[in-house]
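The values are calculated or read from the model by the stated rules, or taken from the named source; none is laboratory data. Keep in mind that this is a model prediction, so the values were computed, not measured. Note that each Cβ is placed from the backbone with ideal geometry, even for glycine, and that neighbours are counted across all protein chains shown. Areas reflect the complete protein model, heavy atoms only, side chains present, ligands, DNA and RNA absent. Shrake-Rupley method; radii C 1.70, N 1.55, O 1.52, S 1.80 Å.
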Amino acid sequence: MAETMTMHWLDWVVVALFFVLVLWVGIRSGKNINSSTDFFVGGGKIPWWMSGISHHVSGYSGVVFVGYAGIAYAQGMSIYFWWAVNIALATALASVTIIPRWPRLRRALGIESPTEYLQMRYNRAAQLLIAISGIGSKLLDVAAKWTSIGILLHGFTGMPIWVGVIVSGLISLIYIAIGGILADLWTDFIQFIVQVIAGLALFIGVIMKLGDYGLSIFSVFSALPEANVSVFNAGRGQGSLSWTLLYFFVIFFSYSGGTWNLAARFISTSNAKEAKKAGLFSAALYLVWPFILFFPMWCGPLLFPGMDQATAEASLYATLTNTFLPVGMVGLVLASMFANTMTMCNSDANTISAVLTRDILPIFNPKILQASERKSLWYARITTIIFTALTVFVALFSDYFGGVTGLILTWFSALLGPTAIPLLLGLFPAFKYCDAKAAIISVLAGLGVFVLTKMGFTMEADIALIAPLAVSFVFYAGIGLINKYALKMQVKPEVEDLMVKLGKDE
């Protein structure tokens with residue numbers, strides 16, 4: 001395993017200055033936060049370009065530079081197709097189907113969280129089940145991101161991983177609790193600019209180094225192992241053709257709003273047209289930027305031969321930056337990756353706080369929804385702090401869940417589908433006969449499949465990936481058909497009215 005690096009003092013100065021800027025953004029944004037609506041959805045006034053950049057940036061975190069760096073080194077180009085291209089295509093499709101419905105939903109019902117409408121659409125029990133299940137999956141997802149930034153900090157500085165996890169969490173708590181989604185969106189924008197500068201510098205640095213080997217940006221692929229330049233990995237399992245096609249459905253439901261912080265980006269836009277443009281903008285970025293980002297990692301076997309995937313996860317990106325970037329730029333790269341992870345975690349914390357404050361706590365204290373603006377903002381900030389603290393705690397024990405990649409590709413992917421099915425399909429008239437019973441049974445059935453796999457029931461990786469989502473869909477749609485044709489169920493008038501409002505702009 002490559003040794004950890006010692007950063008130059010100038011790199012530390014760059015990192016410090018970057019986070020002074022981030023904290024200033026949080027404090028500055030806090031001056032425009034007067035209510036929970038401002039805190040959670042930016043008052044519904046977020047422009048499409050900011051929403052699109054934030055949606056795009058929210059797909060990156062330290063996980064990309066740790067777990068995915070190891071995959072890019074060991075398996076090559078397939079990760080571009082099963083991850084980046086899949087996201088681009090899924091987001092583009094969602095931009096003309098699901099995404100425009102999110103701002104319409106906010107305007108129709110005044111929601112501040114993605115799951116807030118579920119009480120009216122189904123009932124309180126269905127809303128509570130989906131909310132709690134979703135919070136559980138995001139707890140693991142965010143924990144994986146804290147772990148990845150701890151690994152990155154260790155690779156760059158030698159700092160113990162657990163120290164990096166705690167430091168990341170503490171810094172995040174300061175600015176997200178003050179500035180809410182506005183702080184998160186502006187930080188996304190700033191760190192995207194920083195990431196582009198640092199990423200292009202590394203991209204160019206590696207291309208120049210390839211000249212020493214007599215290679216160019218085009219000829220380098222012929223020098224890599226044949227398996228590393230395949231569009232799909234051979235056989236079955238991660239990166240294979242069948243796995244990639246099935247993973248598309250997981251990605252589609254995630255990036256269209258099944259992942260709640262991504263839904264919040266679209267809920268915060270002013271109307272359906274703005275949300276659609278945001279989604280298409282993010283999709284276009286996913287086709288271009290990941291290729292530049294992954295290119296240095298693909299060249300890893302030539303530049304730093306002999307690593308296995310685990311070693312590459314722990315040290316490849318830190319080694320690349322310390323080798324090919326000048327003093328000062330290394331600190332910029334670290335700051336960018338640090339901010340990537342923080343903004344993802346903070347956007348999750350912001351959205352989960354919305355779900356807790358708007359959907360769960362009112363069950364125990366109904367007065368919360370009638371609280372004054374000042375009091376509602378206090379609830380928002382307290383729940384944000386508590387959730388973030390819990391994710392840091394889970395991150396400290398991530399090895400028990402299969403490490404970074406295990407948390408993301410196994411736990412989160414499996415738990416996402418069952419909660420996303422009733423949340424997203426409940427927005428469409430075609431599923432208006434799917435009632436609370438359909439929502440509850442579909443979630444429990446999907447989660448049950450995942451539990452069976454963890455109890456020893458074996459199935460191929462491709463099938464295990466999609467099984468919870470597929471089972472949830474079959475139960476949800478099936479019960480809806482039974483309600484419509486066998487039971488002749490009447491759809492609630494308020495649901496019929498909502499379907500009309502979601503189909504067109506006011």
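Report summary: the helix-based calculation at 222 nm, which adds -39500 (n - 2.57) for every DSSP H run with n ≥ 4 and divides by the residues of the chain, gives -22500 deg cm²/dmol.
Counted residue by residue at 0.36 nm each, then reduced by the alpha carbon distance between them, the extension gain from VAL495 to THR453 reaches 11.5 nm.
Run through segment 410-494 and list the chymotrypsin sites (Phe, Trp or Tyr not before Pro) located in a DSSP loop whose Cβ has at most 16 other Cβ atoms within 10 Å. Loop-located and lightly packed - PHE457. Modelled label positions at VAL474 and PHE232, each set 7 Å beyond Cα in the direction of Cβ, lie 2.2 nm from each other. Only the Cβ atoms of Lys and Arg (+1) and of Asp and Glu (-1) were treated as charged; on that basis the dipole of segment 200-346 about its Cα centre amounts to roughly 540 debye. This model, with +1 at the C-beta of Lys and Arg and -1 at the C-beta of Asp and Glu, gives the chain a dipole about its Cα centre of some 1660 debye.
If R0 is taken as 30 Å, the Cβ-Cβ distance between MET120 and GLU460 corresponds to a FRET efficiency of 0.15.
Using the beta-carbon distance between ASP212 and LEU287 and R0 = 30 Å, what value does 1/(1 + (r/R0)^6) give for FRET efficiency, to the nearest 0.05? The calculated FRET efficiency here is 0.50.
Note on the chain: Cα convex hull, mean projected area over all directions, 22.3 nm².
Within the set of other residues whose C-beta is less than 15 Å from the C-beta of SER347, count the net charge using Lys and Arg as +1 and Asp and Glu as -1. For residues surrounding SER347, the net value is -2. Exposed loop positions in the chain were taken to be trypsin sites (Lys or Arg not before Pro) whose DSSP state is not H, G, I, E or B and which have at most 14 other beta-carbon atoms within 10 angstrom. Between these positions, the longest stretch is 237-487.
Using alpha carbons only, how many degrees (0 to 90, rounded to 10) separate the axis of helix 86-95 from the longest principal axis of the chain? Tilt of helix 86-95: around 30 degrees.
Atom-type composition of the exposed protein surface of segment 233-372 places 67 percent of the accessible area on carbon and sulfur (1.4 angstrom probe).
Listed by chain and number, the lysines whose alpha-carbon sits under 27 Å from that of LYS437, ignoring those within fewer than 8 places in the same chain, are LYS138, LYS454, LYS484, LYS488, LYS492, LYS501.
The C-alpha atoms of the chain define a longest principal axis, and helix 413-425 lies at about 40 degrees to it. The distance from the alpha carbon centre of segment 281-331 to that of segment 135-206 is 16 Å, rounded to a whole number. Between the helical axis of 48-57 and the dominant principal axis of the chain, each derived from Cα atoms, what acute angle in degrees is found, rounded to the nearest 10? Computed tilt is about 60 degrees.
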